[in-house]
Amino acid sequence: NFFVWVNEEDHMRIISMEVGDNVDAIFKRFCAATEGVGKVLRAEGYDFMHNDHLGYILTCPSNLGTGLRAGTIVKVPKLSARPDFKTVCAKLGLQARGTAGVDSVSTDGRFDISNADRLGKSETHLVNVFIRGVKTFIEWEQKLEAGENIDAIIEAAKPWEPSGGAGSSDPEYPPNGLTAAVKKLPEWIQLGCGNAEYICSEKGATFPGDVCPDALPDLSEHNNFAVDELKKDPALYDKLKGLKTSKGVTLAKCLKTGIDNKGHPNIKTVGLVAGDEESYTVFKDLFDPVISARHGGYPADGKHPTDMNPANLLQEKIDPTGNYTVTTRCRTGRSIRGFCLPPSNTFEERREVERVIVKGLLSLEGDLKGDYFPLHGSRSYAPKPTGMSEEKEEELRKAGNLFQEPDSTLLLSSGCGRHWPDARGIFHNEARNFFVWVNEEDHMRIISMEVGDNVDAIFKRFCAATEGVGKVLRAEGYDFMHNDHLGYILTCPSNLGTGLRAGTIVKVPKLSARPDFKTVCAKLGLQARGTAGVDSVSTDGRFDISNADRLGKSETHLVNVFIRGVKTFIEWEQKLEAGENIDAIIEAAKPWEPSGGAGSSDPEYPPNGLTAAVKKLPEWIQLGCGNAEYICSEKGATFPGDVCPDALPDLSEHNNFAVDELKKDPALYDKLKGLKTSKGVTLAKCLKTGIDNKGHPNIKTVGLVAGDEESYTVFKDLFDPVISARHGGYPADGKHPTDMNPANLLQEKIDPTGNYTVTTRCRTGRSIRGFCLPPSNTFEERREVERVIVKGLLSLEGDLKGDY
C-alpha cells in the first residue's frame, strides 16, 4: 500500500494507497515516508528541491507546489451523468478522470476524483479540499438516488477553505514603545531597540536603513570586506542602490552596518548583512565578491556540501590524557525560510519564528528534553508571559550561556536590536549541555557542549536537535533556509555554508607563546580566540581553538579538521614540554582532508549502448533510450535538445501553454534562446517536448519541462506565465505554503456507508537538490539519485518497511 517510483519523470514519485476511504492513514503513511527519506538525504548531504515561491520543484510545471494528487475511485453514476459534471467538479476544487488514467473515459459511473490544484495551497489544504469535496459528491449522489433536485445546492457550492488570523499592541511595549528595562540602558542602545532604524550621531550611525542616498559617504577610513568591494568598483553602488527584494529589503538595509562602523580593532568585519534570503541573489554583485574574500576565494558558482552524519566523524580522542582540554562545543545557526532575517523581520514575523522554533524544541526527548525561557520582560510567550526572572537571566549570562542585550553598534546598525526583548530567548536541556538562542542575530543559534573532549557525543546531540526541530518546522509548513551554493543561509555572510564552529578551550601555553601562533593555527585550518570571545586575549595559555572555515566544506569535514588539528596541537605542546624543536613538523603540517572516487562502463549497456530488452522495442522508442537527444522524424520529433535554432518552426497548429506564450510574445524566444543554467541546461532542452508534440487529444499540456532547478529562474520569463496559466493565475511573486501535518486534516469520513469509494490514494513527487532533473541528468547523476533515495527507503520501518 506504499510505492515509490525512482527516476521516471521525476527523481521520486511517492504513492500511498489502500482500499476504502481512510485518508488519515494514507496521508500519515505518505508523510512518514517522505520525512524518513528526507532525513537520510540530509545525512548524505542532499535535500529535496524546494523554494517558497514554487514549493517542491518537479520536472513538469503542472506538478509544482505540492505536486500532490489525493484521489479516490468513487461510484457516482447519477452525478457523473449530468452534462455539467466537469463544471460541478471545478466548483469544489476537484477534477475527474476515468479509472484508467488521464486519457481514459468512464462507462459505469466510476471516476477517479482528485484535487485540481497543486500550487498556492498546502498539502493538508488540498487533501481537505478533496475530503470535503468527495464527501459532498457522495451526499449529492444519495440525494439524486432519492429523486431530489440538487441544482440550487450545486449553484451555491464552494471548495473547502480554512479559517484564521489575530494580533495585539501596547504603547509601553514594542513595537510602539520601549520596555522599562530597555529604558534603563544608555540612550545610544535605546535608539536601536524600538521600531525605527538605528540613527545615532554619537556613534556615527547615520546611514539610512531604508532607501540608499544618491551617493555613498566618504569611505577612505573604512576597513571591511563590503567597503573594499565598493572601493574597487564605485559603479557597483549605483547599479544596486535602486533594487529591492520581493520582501522589500534594500541595499541600504544590507549595507548600513558596514557604513556606520568603520572597522573592528581585532578582526576584519564583513560590513554587510542579509535582510532576507533573497538579498543574496538580488544584491549578488556585491555579496558574491564579499563572500569570496571572506571565505578564501569561494567561487560565485561554488557548490556547498552538507553532511550531518556523525558516522563520518574521525573516531579519534583529541586529548587522550584529559590534561589539556577544558570544555568542547559545537555551534551553528539556522534561519526559517519564508521570513525576513533579524535585520528586517517585523514584530509579528519574529513572534511566529519564536513560536515554530519553540514548538520544535519542546518536542525534543531524551537528553535533549528541556524548557524555553524568553528574555526577562518579553511578553511573546504565553506560558511565561513576562519572560524569565531577572535572576535566571543573570545566572545564564554569568555562565556564558546567554547573549547580552545588543550593546554593539554592529548589531544595532544591522537592525537586530529592534523591538528588544520581544520574542527572544533561550532553550536549554536539563543537563545544560545543549542551548538554543532564539531571535538574536539569527533565527536560531544552536550550541551543544560539555566538559572534556567527547566530540562524538557533542555532535550527535547537535545533529539530533537540529533534525528534531526541522521535523516540526516542516510539519508546520516551514523549513530551514538552504541552497546548494551557499548552504545554510544566515544573517552574516561570515556564517554561510555550515555556520558551524567546533571549538574547545585548550591549554597550550608553550605553543601559543610562539610569535607565529596565528600562522600555525591557519596551517591546520584553525583559528584561536581568547576564552571570553572574539575580542578577548589570553594571558594563561588557554585559547578557544576552532575550525576557521564555514563555507565550501561539509559539517563533518570541518569537525574532522578541528579534531585532527587540536589533537595535533596537544601533541606539539607535549613535544615542547619535552624540550623538542617542532619547526620542521609545523612547516610540513596541513589540515585534515578526506579521500574518495570511482566509476564503470559497458558497450552493451547505457550510456554506451542499449540493453537487449530495449532492442526488442520499436525503433522510434529505442531512439530515446540511448545517450543522445530524441530525434525521430517518424514522430515529428526534430527540434534540437541542446542548442536553440535561430528561429522557431511553424507553431500555428500547436496547442499547449508554452507555445501560447511564445505566440503572444514572439520576442521572448530571442530573449531566452542564448541563455543556459549553471548546469548547462538550455531553453532548447526545456522546450523540445512542447515543439515536438503539437498537442494532446484530451487535455491541454504544458509544453515545457525543467532540466534543473535553476531552469525556473533563468527562463522565468517563459516559465512564470506558463505556470500562471496552468495554475489559475498563480502570481510571479506568489508564496506557496507547505503543511505536511496530518493533525491538520479534516476528521471526516468521505464515505460513511462504504458503498461508494473503491480505493483512495495520495501521491506526489520529490526532486533531490544539486542534481539535474530527469530530462537532463547524466548517467552518473541518475545512479547517485537512485543510491540516496533507495538508502532512505530501505531505512523505513514499521508498515513502510519494504524492498527496492
Tell me, which residue of the stretch 620-651 that is in contact (Cβ under 8 Å) with a residue 12 or more places away in the chain and in a helix (DSSP H, G or I) is surrounded by the fewest Cβ atoms within 10 Å (Cβ to Cβ)? Glu634
Can you confirm whether Leu58 is surrounded by 21 or more Cβ atoms within 10 Å (Cβ to Cβ) and over 26 Å from Asp307 (Cα atoms)? no
Are any of the residues in the stretch 425-448 without any contact (Cβ under 8 Å) to a residue 12 or more places away in the chain, within 29 Å of Tyr198 (Cα to Cα) and either in a loop (DSSP other than H, G, I, E, B) or of a type in the set (S, T, N, Q) (or both)? no
Would you check which residues across the stretch 243-263 are in a loop (DSSP other than H, G, I, E, B), open to solvent by 50 Å² or more (accessible area, probe 1.4 Å) and modelled with pLDDT under 95 and list them? Ser246, Lys247, Lys262
Restricting to the stretch 717-740, name every residue that is closer than 20 Å to Lys247 by Cβ and touching a residue at least 12 places away in the same chain (Cβ under 8 Å). Asp720, Tyr730, Ala732, Asp733, Gly734, Lys735, His736, Pro737, Thr738
Are any residues in the stretch 771-800 crowded, with 22+ Cβ neighbours inside 10 Å and of a type in the set (Gly, Ala, Ser), and if so, which ones? Ser776, Gly792
Any residue at all in the stretch 725-734 that's buried (at least 18 other Cβ atoms within 10 Å of the Cβ) and touching a Cys at 6+ places or on another chain (Cβ under 7 Å)? no
Based on what the data block shows, is Asp276 open to solvent by 40 Å² or more (accessible area, probe 1.4 Å) and either touching a residue at least 24 places away in the same chain (Cβ under 8 Å) or among the aliphatic types (A, V, I, L, M) (or both)? no
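Looking at the stretch 69-83, is at least one residue open to solvent by 10 Å² or more (accessible area, probe 1.4 Å), on the phi > 0 side of the Ramachandran plot and at pLDDT 90 or above? Steps first, please.
Taking the stretch 69-83 and keeping what is open to solvent by 10 Å² or more (accessible area, probe 1.4 Å), we get 69, 73, 75, 77-78, 80-83.
Going one step further and asking which of them are on the phi > 0 side of the Ramachandran plot, we end up with none.
No, there is no match, as no residue in the stretch 69-83 is open to solvent by 10 Å² or more (accessible area, probe 1.4 Å), on the phi > 0 side of the Ramachandran plot and at pLDDT 90 or above.
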I'd like to know if the stretch 571-585 contains one or more residues that are surrounded by 13 or more Cβ atoms within 10 Å (Cβ to Cβ), out of contact with any Leu (no Cβ under 9 Å at 6 or more places or on another chain), part of a helix (DSSP H, G or I) and touching a residue at least 60 places away in the same chain (Cβ under 8 Å). no
Considering only the stretch 345-374, how many residues are assigned to a loop (DSSP other than H, G, I, E, B) and under 24 Å from Val273 (Cα atoms)? 2
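Among the residues of the stretch 365-399, count how many are among the aromatic types (Phe, Trp, Tyr) and loosely packed, with under 13 Cβ neighbours inside 10 Å.
Filtering the stretch 365-399 down to residues among the aromatic types (Phe, Trp, Tyr) leaves 372-373, 381.
Subset that is loosely packed, with under 13 Cβ neighbours inside 10 Å: none.
Here the count works out to 0.
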Within the stretch 193-217, residues of a type in the set (Ser, Thr, Tyr), closer than 17 Å to Thr250 by Cβ and open to solvent by 20 Å² or more (accessible area, probe 1.4 Å) come out as Thr206
Of (1) surrounded by 13 or more Cβ atoms within 10 Å (Cβ to Cβ); (2) more than 36 Å from the chain's Cα centre (by Cα); (3) not in a loop (DSSP other than H, G, I, E, B), Tyr669 satisfies every one except (2)
Matching residues, the stretch 66-79, being touching a helix residue (DSSP H, G or I) at 6+ places or on another chain (Cβ under 9 Å) and outside any loop (DSSP other than H, G, I, E, B): Arg69, Ala70, Gly71, Thr72, Val74, Lys75, Pro77, Lys78, Leu79
Check on Met17, closer than 29 Å to Gly703 by Cα and hydrophobic (A, V, I, L, M, F, W, C): no
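Just checking, which of Ile582, Ile570 is under 19 Å from Pro515 (Cβ atoms) and not small (Gly, Ala, Ser)? Break it down into steps so the answer makes sense when it comes.
Working: Ile570 fails: under 19 Å from Pro515 (Cβ atoms).
That would be Ile582, the only listed residue that is under 19 Å from Pro515 (Cβ atoms) and not small (Gly, Ala, Ser).
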Matching residues, the stretch 4-35, being surrounded by fewer than 17 Cβ atoms within 10 Å (Cβ to Cβ) and closer than 26 Å to Glu780 by Cβ: Trp5, Val6, Asn7, Glu8, Glu9
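Which of the residues spanning the stretch 335-361 are among the basic types (Lys, Arg), touching a residue at least 24 places away in the same chain (Cβ under 8 Å) and over 20 Å from Thr245 (Cβ atoms)? So that I can check it myself, show each step before the final result.
Applying the first criterion (among the basic types (Lys, Arg)) to the stretch 335-361 yields 337, 350-351, 355, 359.
Pick out the ones that are also touching a residue at least 24 places away in the same chain (Cβ under 8 Å) and you get 337, 350-351, 359.
Arg351, Lys359, listed by residue number.
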Quick one: would you say Asp660 is touching a Gly at 6+ places or on another chain (Cβ under 6 Å) and among the charged types (D, E, K, R)? no
So for the stretch 41-49 (the condition being open to solvent by less than 20 Å² (accessible area, probe 1.4 Å), aliphatic (A, V, I, L, M) and either in a loop (DSSP other than H, G, I, E, B) or within 30 Å of Gly497 (Cβ to Cβ) (or both)), does at least one residue qualify? yes
Unmet criterion (only one of (1) assigned to a loop (DSSP other than H, G, I, E, B); (2) loosely packed, with under 14 Cβ neighbours inside 10 Å; (3) free of Cβ contacts under 8 Å to residues at least 60 places away in the same chain) for His654: (2)
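The values are calculated or read from the model by the stated rules, or taken from the named source; none is laboratory data. All of these numbers come straight from a predicted model, not from anything done at the bench. A quick note on method: Cβ atoms are made from the backbone with ideal geometry, for glycine too, and the neighbour counts reach across all protein chains shown. Areas reflect the complete protein model, heavy atoms only, side chains present, ligands, DNA and RNA absent. Shrake-Rupley method; radii C 1.70, N 1.55, O 1.52, S 1.80 Å.
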